[in-house]
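Enquirer: There's a structure below that I have some questions on.
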Amino acid sequence: MLEKNIRLGSIEQVKSFVNIAMSKEFEVDLYSGKYIVNGKSIMGIFSIDLTKPIKMVASCDENDVFATEIEGFVCE
């Protein structure tokens, strides 16, 4: 299980993140407060508060290439 806090601050970042997530066969979920959305859904992502960091949980190893691909979105 890979868990990171990410920030998606622009439309381009959302599109880029979704494209990366859609290329994977495992689930990618985004948690914003009490809401959970599919990280592969542009509509889902735009339904949450993007002004704050979002908890991302992916059903993959922490050493998966996905962790490297999303490095630009990770915030601490």
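Enquirer: With angles folded into 0 to 90 degrees, how steeply does helix 11-22 sit against the dominant principal axis of the chain? Use alpha carbons for both and round to 10.
Expert: The angle comes out near 40 degrees.
Enquirer: For a Förster distance of 22 Å, can you work out the FRET efficiency between the beta-carbons of S32 and N63, rounded to the nearest 0.05?
Expert: 0.25
Enquirer: Let me ask another. In the chain, which trypsin sites (Lys or Arg not before Pro) fall in coil by DSSP and have 10 or fewer other Cβ atoms within 10 Å? Walk me through the numbers on the way to the answer.
Expert: Details: sites: K4, R7, K15, K24, K34, K40, K55; in loops: R7, K24, K34, K40.
For trypsin sites (Lys or Arg not before Pro) across the chain that sit outside H, G, I, E and B with at most 10 neighbouring Cβ atoms in 10 Å, the list reads K34.
Enquirer: Could you check the simple spin-label distance between V74 and K15, using points 7 Å along Cα→Cβ, in nm with one decimal?
Expert: 2.6 nm
Enquirer: Now for a different question. Looking at the square roots a ≥ b ≥ c of the eigenvalues of the Cα gyration tensor of segment 1-47, which shape do they give, rounded for a/c under 1.5, prolate if a/b is larger than b/c, or oblate? Can you show the working numbers first?
Expert: Values: a/c = 1.38, a/b = 1.01, b/c = 1.37.
Because its axes are fairly even, with a/c under 1.5, segment 1-47 counts as rounded.
Only the coordinates and a few stated rules stand behind these numbers; no lab work does. It should be emphasised that the depicted structure is a prediction, and the values quoted were computed from it without experimental measurement. Heads up, the Cβs are rebuilt from the backbone with ideal geometry, glycines too, and the neighbour counts pull from every protein chain shown.
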